[in-house]
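Report on one structure; see the data block that follows.
Nothing in this text is a laboratory measurement; each read-out follows from the coordinates by a stated rule. Note that the structure is a prediction, hence the values are computed from the model and not measured. No Cβ is skipped: glycine too gets one built from the backbone with ideal geometry, and neighbour counts run over all protein chains shown.
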Amino acid sequence: MEFKLENIVWNVFLVVYADDISRTVNINTAISVGVAVFVIIVGLLTSVLIGYMITEPLKYLEKQFMKIKKFDLTSVHFTSSRFKEIDVMYEDLHEMVVWLNEFKSFLPESIFNQLRNMENSSESGEETPKQKNMESQASESIKKQISTRESKDGIETSSRLSSSHDGSFRNNEDRTSLFKLGLSEKEASIVLVKISEMCKSLSTIEIAQLFSKIASGLSALAKTMQADLQILSIDQYQISFVTGKKKSNIQALEAALKISKSLSSFLSDYEKLSICIGITTGKANVGNLGTNSLRFYSIVGSLLSNAEKLCTLSRHYNIQILADSKSLEYGAKTLFVTRPMERIEIENEIFLPNISTVYQVIKENSFSKDEWMYELEQQKENVKYKNFENAFSVFEQLDSNSNSASLVEKVNQSKSLLYEHLEKCPGDSQITNNVLNSLDMLFTKAYNGNIDLRNGLLNYRTRMDQSMSKVTQDSSFNIVEICNSQHVNSC
């Protein structure tokens, strides 16, 4: 710009550095951006905090609902909330859980076991042909009921019912059923518990008191071991195990020993009562049977009748726990102290007769590392059944190429071991004498040429027959009595 002063002309220049201008602009921009970012961050944090405060009790409520869905009511807990509406929901749900706990004891343990395995079964998505057939039959019956009801009603009512029922039926088909109908083949074990002379020897008050103790003890055991408990009668109980993470036979043997110990303490004041426990293992059809309105968890197979035979044999020999040979597979013999005591004829998976060795289950064979002295003492005590076990092997461990002379020698060795066992353990005379008499009988028949000694040893078993004999008719009262009796014979 020009500047004049009298005759002097001045040229005035204003010099501004670009750095000064850019610095000022940058500072103003940074302040604006910083304030905006701060406001945004504060807004986001506030919204996240408010969202967390709202969703946190809802997520907690969702977790409690999942526990209620699986009937895990003991771990359901409701706390107070900041929001009054959610706090009211907590109070109502707490009352609902209290009511559910009231009638939970009336539900069978099989329902809770299926609820625990619900996630695994839903992920696998496997459905057996039997289940599909059962569900298709159920759906067909529902359709028939709908069509029958429509034919009885008017045209307008029938069309309305048809649309509503068809819609609900499609929804039911699309929805995955929690407790599916049908049977599937699984490895299972049955523990049948019988208390003999309970109804005959006790009064009604004593039966009620004793039953409450037995039922509560078995129920707690079934819940702990995730087994299915079925009360067949006042003096007969059935606990079933299905192979999962742990083999069913090992679970059944552990449960039988615990049951025997508990019942022995309960029945210590009742001398006339005795405990009979039979354990059988094998393939069985397991699942829910019935209709959509009535379903029953059941095990179908020969295991039930085999367990009945073992309980009868247990009472005959006055032994508390008996198990078949399959129950001692999968390494169970090393975990428990057992001894063979008899051979009986039971049914296999397809209901064909099969000879099985019956074992007496004595106790668990487990010790801690610091209990080596106690272990040595127990091993010495367990050796007393070793001679009997070696002698009993004459019925099973036979060489196909062995001649008659070697078989006779083996029978004589077994008899010598049994006599030695009888001297050391005179209290085991009933079972030992039974085996000795059987060996003498087989040896005599083989000597007379009636049977082959090898086949006689392999096919030896105790036959259990149930006979019905008609008693004489009493003319004065005109009554005909039918007597049921169990006979245990060796053949």
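Laid out as a table, the results:
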{"item": "Ordering of 16-25, 308-317 by burial proxy (mean other Cβ atoms within 10 Å per residue, highest first)", "result": "308-317, 16-25"}
{"item": "Low-density loop cleavage sites - trypsin sites (Lys or Arg not before Pro) in region 32-106, where at most 16 other Cβ are within 10 Å (DSSP)", "result": "70, 82"}
{"item": "Least to most buried among 444, 281 (fewest other Cβ within 10 Å first)", "result": "444, 281"}
{"item": "Residue order, fewest to most surrounding Cβ atoms within 10 angstrom, among 184, 268", "result": "268, 184"}
{"item": "Ranked 298, 248, criterion: other C-beta atoms within 10 Å, fewest first", "result": "298, 248"}
{"item": "Linear extension gain, residue 294 paired with residue 91, 0.36 nm per residue minus alpha-carbon span", "result": "69.8 nm"}
{"item": "Entries of 309/333; 384/415; 70/223; 386/415; 258/415 with Cα pairs more than 24 Å apart", "result": "258/415"}
{"item": "Shape category assigned to region 21-104 from the gyration tensor of Cα positions, a/c cut at 1.5", "result": "prolate"}
{"item": "Region 180-283: trypsin sites (Lys or Arg not before Pro) in DSSP loop, at most 11 other beta carbons within 10 Å", "result": "245, 272"}
